[in-house]
1. For region 41-61, which positions are closer than 17 Å to E10 by Cβ and at pLDDT below 90?
2. Go through region 10-49 residue by residue and tally those that are polar (S, T, N, Q), surrounded by fewer than 11 Cβ atoms within 10 Å (Cβ to Cβ) and not in a strand (DSSP E or B).
Amino acid sequence: MGGRSNAYEEELRKAKQIAIREMVEEATARGANAVIAVDLDYETISLGSGGGMLMVSASGTAVKVQG
């Protein structure tokens with residue numbers, strides 16, 4: 001059975017935006033003005049009792065572009 005959950009997809013979008021924002025903030029704090037080779041990873045973690053949480057991590061290489 002296939003299907004899509006609008007609520008779940010919205011939470012994924014929010015988590016992705018947060019992960020990217022935090023990555024950019026960290027890169028900026030380190031003096032970078034760009035991030036290259038960005039990778040997004042999604043993981044669901046079961047907490048038992050039918051609960052769980054979604055983890056999204058963003059990683060990339062902070063660079064300083066001149067020109």
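The values are calculated or read from the model by the stated rules, or taken from the named source; none is laboratory data. From a predicted model like this one, the values you see are computed outputs, not experimental measurements. Virtual Cβ from ideal backbone geometry, glycine too; neighbours counted across all protein chains shown.
1. Within region 41-61, the subset closer than 17 Å to E10 by Cβ is 42, 44, 52-56.
Of everything in region 41-61, those that are closer than 17 Å to E10 by Cβ and at pLDDT below 90 turn out to be T44, G52, M53, L54.
2. The initial filter retains those residues of region 10-49 that are polar (S, T, N, Q), namely 17, 28, 33, 44, 46, 49.
Those still in the list that are surrounded by fewer than 11 Cβ atoms within 10 Å (Cβ to Cβ) too: 44, 46, 49.
Those left that are additionally not in a strand (DSSP E or B): 49.
Adding up the residues that qualify gives 1.
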